[in-house]
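What follows is one structure encoded as structure tokens, with my remarks underneath.
The values are calculated or read from the model by the stated rules, or taken from the named source; none is laboratory data. What you are looking at is a predicted structure, and each value in this text was computed from that prediction instead of being measured. Note: ideal-geometry Cβ built from the backbone for every residue, glycine included; neighbour counts use all protein chains shown.
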């Protein structure tokens, strides 16, 4: 993939690789650190469109790096919690068609503290207008 930012991570000066192993890497973008302090992504090195395409080895490698990332963020930022997650497809806010695992430290003094990964989608205004059976 010639235009994929995760396949070409070293070509973007905003992206910094902190940890990597044979299958994946942890990156942070400098321009996202202001609001989402400490946030970053674990990205498989092989171009996989979404998490459902990952091999068992890639899953295990993601776990290994996640433990390193937690230690780094815990020591550097001292968060009160975390949001961890994968977005799959445009409707779930996946804008880059290369699987990536979000690690977002959370802090008690944030304006949205206490509002987790499902908060926004379980609001009544998000209810579907009609349900279609397939």
If a residue must be in contact (Cβ under 8 Å) with a residue 12 or more places away in the chain and farther than 28 Å from residue 7 by Cα, how many such residues does the stretch 78-87 contain?
3
Within the set of pairs 6 or more residues apart or between chains, which connect a residue that is free of Cβ contacts under 8 Å to residues at least 40 places away in the same chain inside the stretch 33-46 to a residue that is surrounded by 14 or more Cβ atoms within 10 Å (Cβ to Cβ) with Cβ atoms less than 8 Å apart?
33/39; 45/20; 45/23; 45/24; 45/25; 46/23; 46/58
With the structure loaded, tell me whether residue 100 is surrounded by 15 or more Cβ atoms within 10 Å (Cβ to Cβ), within 21 Å of residue 3 (Cβ to Cβ) and modelled with pLDDT of 95 or more or whether it fails that test.
yes
Expected single match for more than 13 Å from the chain's Cα centre (by Cα) and either within 20 Å of residue 33 (Cα to Cα) or assigned to a helix (DSSP H, G or I) (or both) among 57, 49 is 57
Filtering the stretch 108-131 down to residues that are surrounded by 11 or more Cβ atoms within 10 Å (Cβ to Cβ) and touching a helix residue (DSSP H, G or I) at 6+ places or on another chain (Cβ under 8 Å) yields 120
Limited to the stretch 18-32, what total is found for residues that are free of Cβ contacts under 8 Å to residues at least 40 places away in the same chain and either under 15 Å from residue 61 (Cα atoms) or surrounded by 13 or more Cβ atoms within 10 Å (Cβ to Cβ) (or both)?
6
Among residues belonging to the stretch 88-115 that are in contact (Cβ under 8 Å) with a residue 12 or more places away in the chain and not in a loop (DSSP other than H, G, I, E, B), point out the one that is nearest to residue 69 (Cα to Cα).
103
Residues in the stretch 44-63 that are surrounded by 16 or more Cβ atoms within 10 Å (Cβ to Cβ) and over 17 Å from residue 83 (Cβ atoms) total 7
